[in-house]
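**Q** Dropping a structure here in structure tokens format, bear with me for questions.
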Amino acid sequence: MSEIRKIASASHAVTNDVVFELITRRLTPGSRVLDYGAGRGHMSERVGNWFEMQGRPSREHVIPCEIVPEIFEYDGAACRRIAGNSDIPVEDGSVDLIYSIEVLEHVGDPYGFLRNAYAKLKPGGHLVFSVPNILHLASRIRFLLTGFPELFGPPSTLDKNAGRICGHIMPLGYPYFVYGLRKVGFSNIEFSVDRRKQGALFGAVVLYPFLWLMTRTYDRNLRRYDEEVWSEHRDTVHQNNSFDVLSSRSCIMTAVKPG
């Protein structure tokens, strides 16, 4: 069936397409889905249309949440208000999937969000989120030269700037999201790629042998320093300098609450 879309999104189209595919791959017609930081409702509408095409009323399955619900435009679901403290306004163990697109970089306590998401999901439920990838090679070079990763700059304290790039206040990369997800109990953690950054691709190819060598060296030194930490994070260390992490525009993460 063809998908109907009309509400604009502030996120990149390719990011939205990848996240939508990751979401719908994990849904059944009976799923309850929460959109954290729904904005105007672009993805709520897309997911709502998916349920409608399964013969299910979107209002019974899609729960949008937004700090300013007045901007929400999708009529197929009622948008709930969220505060800036990472709380999620549903009962514990009540939803099958939570997703958040380009939101956690604006949140002062992203680890609190991961903890709350774990509590709100049913056993076997899924979490899907995307943030700017501060570890692609162009971002690493920008940080080296300016002290700021790509899509992060001097953060503004003004409330009116909370939704802008200067409202990006939490530059966490892949290993730290893995830590946060594992810490609260998530499993089956995966990284997905959206659009590969042209500015990162050439350098990633040219420098990859050097980065591979440095990764092996770091891995060996970490094992000598603390074998327990090495055992816990060996996969993270290698993924951190993988071609996917070195080139993807966004850091898209999926995880499962065991059960």
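The values are calculated or read from the model by the stated rules, or taken from the named source; none is laboratory data. Keep in mind it's a predicted model, so treat the numbers as computed, not measured. Don't worry about glycine lacking a Cβ; one is built from the backbone with ideal geometry, like all the others, and counts go over all protein chains shown.
**Q** Look at residue 213 and say whether it is in a helix (DSSP H, G or I) and in contact with a helix residue (DSSP H, G or I) (Cβ under 8 Å, 6 or more places away or on another chain).
**A** no
Rundown of residues vs (1) surrounded by fewer than 23 Cβ atoms within 10 Å (Cβ to Cβ); (2) not in a loop (DSSP other than H, G, I, E, B), yes/no style:
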position	(1), (2)
11	yes, no
16	yes, yes
22	yes, yes
27	yes, no
47	no, yes
55	yes, no
75	yes, no
92	yes, no
100	no, yes
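**Q** Hey, could you check segment 157-176 for residues that are touching a helix residue (DSSP H, G or I) at 6+ places or on another chain (Cβ under 7 Å) and among the hydrophobic types (A, V, I, L, M, F, W, C) and say which is modelled with the lowest pLDDT?
**A** Here the residue is 162.
**Q** State which residue pairs qualify: first residue under 17 Å from residue 134 (Cα atoms) and inside segment 177-202, second residue part of a helix (DSSP H, G or I) and of a type in the set (D, E, K, R) in any location, beta carbons under 7 Å apart, and separation of 6 or more residues or different chains.
**A** Final answer for the pair search is 191/244; 193/244.
**Q** Give the residues of segment 203-216 that are exposed (fewer than 15 other Cβ atoms within 10 Å of the Cβ) and closer than 23 Å to residue 177 by Cα, sorted by residue number.
**A** Passing the criteria: 212, 214, 216.
For every residue, the table says whether it meets (1) exposed (fewer than 15 other Cβ atoms within 10 Å of the Cβ); (2) β-branched (Val, Ile, Thr); (3) assigned to a helix (DSSP H, G or I).
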| position | (1), (2), (3) |
| --- | --- |
| 172 | no, no, no |
| 178 | no, yes, yes |
| 190 | yes, no, no |
| 201 | no, no, yes |
| 221 | yes, no, yes |
| 235 | yes, no, yes |
| 253 | no, no, no |
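**Q** Please find, within segment 177-205, the residue that is farthest from residue 9 (Cα to Cα) out of those that are at pLDDT 95 or above and of a type in the set (Gly, Ala, Ser).
**A** Per the stated criteria, the residue is 185.
**Q** Among the listed residues 133, 161, identify the single one that is free of Cβ contacts under 8 Å to residues at least 12 places away in the same chain and closer than 22 Å to residue 11 by Cβ.
**A** Going through 133, 161 in turn, the sole match is 161.
**Q** Please indicate, with yes or no, whether at least one residue in segment 111-127 is among the polar types (S, T, N, Q), outside any loop (DSSP other than H, G, I, E, B) and surrounded by 15 or more Cβ atoms within 10 Å (Cβ to Cβ).
**A** For segment 111-127, residues among the polar types (S, T, N, Q), outside any loop (DSSP other than H, G, I, E, B) and surrounded by 15 or more Cβ atoms within 10 Å (Cβ to Cβ): present.
**Q** Identify, please: which residue in segment 57-73 is touching a helix residue (DSSP H, G or I) at 6+ places or on another chain (Cβ under 6 Å) and not aliphatic (A, V, I, L, M) and is, among those, surrounded by the most Cβ atoms within 10 Å (Cβ to Cβ)?
**A** Looking at the filtered set, the residue picked out is 64.
**Q** Mind listing whichever residues of segment 128-148 are part of a helix (DSSP H, G or I) and buried (at least 23 other Cβ atoms within 10 Å of the Cβ)? Before you say what the answer is, go through the steps one by one.
**A** We begin by selecting, within segment 128-148, every residue part of a helix (DSSP H, G or I); these are 137-146.
Residues satisfying the conditions are 137, 139.
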